[in-house]
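Below: the structure, in structure tokens.
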Amino acid sequence: MAREGVHRTPLDRVAAEAGVSKGLLLYHFHSKDALVLAAMEWVLNATAARIRKALADIVDPADAISVVIDAVWIGPEANRDFFRFYLDGVEHQTRSPGFDDLGHTATVIINGLYQEVIETGVNAGVLEVADSVSAAVDMRALIEGSFLQWLQTDDWQNNHAGFRERCRSAVLVQLRSAP
């Protein structure tokens with residue numbers, strides 16, 4: 001689904017790649033939308049776990065933002081697959097009944113994690129942020145906006161590192177200048 005798009009990938013193909021029958025998929029998920037929703041929640045939670053694991057190894061809180069950026073910008077192919085799937089999930093949220101909670105779930109997982117990182121930086125005296133909730137929204141906007149711009153470049157594989165660094169810089173500038 002990440003490679004070809006949610007709408008273009010039939011359940012038969014998903015079942016074949018998973019090595020199960022289409023009936024078994026439908027037994028567990030009841031519909032393609034339910035499968036997409038479960039997969040999106042799994043991806044968001046797995047991403048948050050990867051970021052938390054990377055953060056557990058840092059010594060200096062000043063490195064936390066860079067660690068988050070590196071944990072999110074993992075590589076051109078993986079990021080392209082993830083973000084295209086993520087965009088399909090956002091599209092489903094805006095058009096499909098039953099996906100209403102996806103936006104809330106994404107906000108709780110992503111913004112909540114970014115807020116924790118920001119508050120750690122504030123408590124360590126590295127960041128001066130008055131409102132960590134708003135700063136987390138800004139951080140997410142900068143990261144997701146950077147991904148959108150990167151995906152639209154012709155040479156996305158070779159431009160990945162440059163966009164990762166632009167994203168890191170933009171987030172650090174925003175958080176260090178936040179009132």
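Please work out if Val133 is assigned to a helix (DSSP H, G or I), over 25 Å from Ala39 (Cβ atoms) and modelled with pLDDT of 95 or more.
yes
Within region 76-131, track down each residue that is in contact with a helix residue (DSSP H, G or I) (Cβ under 7 Å, 6 or more places away or on another chain) and among the small types (Gly, Ala, Ser).
Scanning region 76-131 gives Gly89, Ser96, Gly98, Gly103, Ala106, Gly121, Ala124.
Considering only residues that are surrounded by fewer than 21 Cβ atoms within 10 Å (Cβ to Cβ) and within 10 Å of Val171 (Cα to Cα), which ones fall in region 129-141?
Asp138, Arg140, Ala141
In this structure, is Arg166 among the basic types (Lys, Arg) and closer than 21 Å to Ala56 by Cα?
no
If we scan region 66-73, do we find a residue that is among the aromatic types (Phe, Trp, Tyr), within 20 Å of Met139 (Cβ to Cβ) and in contact with a helix residue (DSSP H, G or I) (Cβ under 6 Å, 6 or more places away or on another chain)?
Scanning region 66-73, I find at least one residue that is among the aromatic types (Phe, Trp, Tyr), within 20 Å of Met139 (Cβ to Cβ) and in contact with a helix residue (DSSP H, G or I) (Cβ under 6 Å, 6 or more places away or on another chain), so the answer is yes.
From the set of residues in region 32-75 that are within 24 Å of Thr9 (Cβ to Cβ) and assigned to a loop (DSSP other than H, G, I, E, B), which is farthest from the chain's Cα centre (by Cα)?
Checked region 32-75; the qualifying residue farthest from the chain's Cα centre (by Cα) is Gly75.
List every residue pair whose Cβ atoms sit under 7 Å apart, with the two residues 6 or more apart in sequence or on different chains, where the first one lies in region 19-46 and is free of Cβ contacts under 8 Å to residues at least 12 places away in the same chain and the second, anywhere, is among the β-branched types (Val, Ile, Thr).
none
Any residue that is of a type in the set (Val, Ile, Thr), under 14 Å from the mean Cα position of the chain (by Cα) and either modelled with pLDDT of 90 or more or under 30 Å from Val126 (Cβ atoms) (or both) - is there at least one of those in region 19-29?
No, there is no match, as no residue in region 19-29 is of a type in the set (Val, Ile, Thr), under 14 Å from the mean Cα position of the chain (by Cα) and either modelled with pLDDT of 90 or more or under 30 Å from Val126 (Cβ atoms) (or both).
Of these, Leu127, Leu175, which one is assigned to a helix (DSSP H, G or I) and not basic (Lys, Arg)?
Result of the check over Leu127, Leu175: Leu175.
The values are calculated or read from the model by the stated rules, or taken from the named source; none is laboratory data. Given the structure is predicted, the values throughout are model-derived calculations rather than measurements. Positions of Cβ are backbone-derived with ideal geometry, glycine not excepted, and every protein chain shown enters the neighbour counts.
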